[in-house]
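**Student:** This structure is in structure tokens; I'll ask about it shortly.
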């Protein structure tokens, strides 16, 4: 079965978001830096961004799926911008250690803005949204898409568990230093 090139672009997007989230987990566990509440919300935005692309992989390429990704990216970019503005004054410090000269929330903002641009580009150049292709495509999910789904499912479950361990059922601390449980 011949796949639309957008399938590979969506797969790459989901893998890219997965690598970003795995990098955040590396910093959380290997570097011992706990995510703040805004960081947790940015992770949620990343997962929403990936969810729209995953819907494209499962049910065929649809503008509505891209819309879910755009909404997730707008939410994540808003949260990232808020955190950037909290730490923009020189000498006030930032939250967490910089990676390649910028804090993770700055990198997250860049990822969200670039994602919005690329999704818009996909909407402009991807005009083949015929129902026949979608119904044919949804009959069989490529093996690589199943693997990608499993990776995102594991990351999502890990996010739920680690957030619960950090915050419990109460509001997360502004500057977490340990797990509650």
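**Student:** Only Cα pairs within less than 10 Å get springs; with that Gaussian network setup on the chain, which residue of 13, 24, 158 has the largest fluctuation?
**Tutor:** Maximum among the listed residues: 158.
**Student:** Shifting gears a bit: Find how much the distance from residue 157 to residue 82 grows on full extension, using 0.36 nm per residue of separation minus their present alpha carbon separation; answer in nm with one decimal.
**Tutor:** Gain in length upon complete extension: 24.4 nm.
**Student:** If you don't mind, there's one more thing I want to ask. Please tell me the relative contact order of the chain in percent, rounded to the nearest whole number, where contacts are Cα pairs under 8 Å and at least six residues apart.
**Tutor:** Here the relative contact order equals 27 percent.
**Student:** For the pair residue 8/residue 62, report the inter-label distance in nm, with labels modelled 7 Å from Cα in the Cβ direction.
**Tutor:** Result: 2.5 nm between the two label points.
**Student:** Looking at the chain as a GNM with Cα springs under 10 Å, which of 116, 88, 154 has the largest mean-square fluctuation?
**Tutor:** The residue with the greatest mean-square fluctuation here is 88.
**Student:** Let me ask you something else. Quick one: among 162, 106, 170, which has the greatest mean-square fluctuation in a GNM of the chain with alpha-carbon springs under 10 angstrom?
**Tutor:** 170
**Student:** So, one more: Provide Rg over Rh for the stretch 1-68; use the alpha carbon set for both Rg and the Kirkwood Rh (inverse mean inverse pair distance).
**Tutor:** 1.10
**Student:** Between residue 121 and residue 92, how high is the FRET efficiency from 1/(1 + (r/R0)^6) when r is the Cβ-Cβ distance and R₀ = 30 Å? Nearest 0.05.
**Tutor:** After rounding, the FRET efficiency stands at 0.25.
**Student:** Hey, what number do you get for the chain at 222 nm if only DSSP H runs of n ≥ 4 count, each worth -39500 (n - 2.57), divided across all residues, to the nearest 500?
**Tutor:** So the calculated ellipticity at 222 nm is -24000 deg cm²/dmol.
**Student:** Here's another thing I want to ask about it. Given the C-alpha atoms of the chain, compute the convex hull and give its volume per residue in Å³.
**Tutor:** Looking at the chain, the number lands at 126 Å³ per residue.
Coordinate-derived values only; no laboratory data. Just so it is clear, the structure is predicted and the values come from calculations on it, not from any experiment. As a convention, Cβ positions derive from the backbone with ideal geometry for all residues, glycine included, and neighbour counts pool all protein chains shown.
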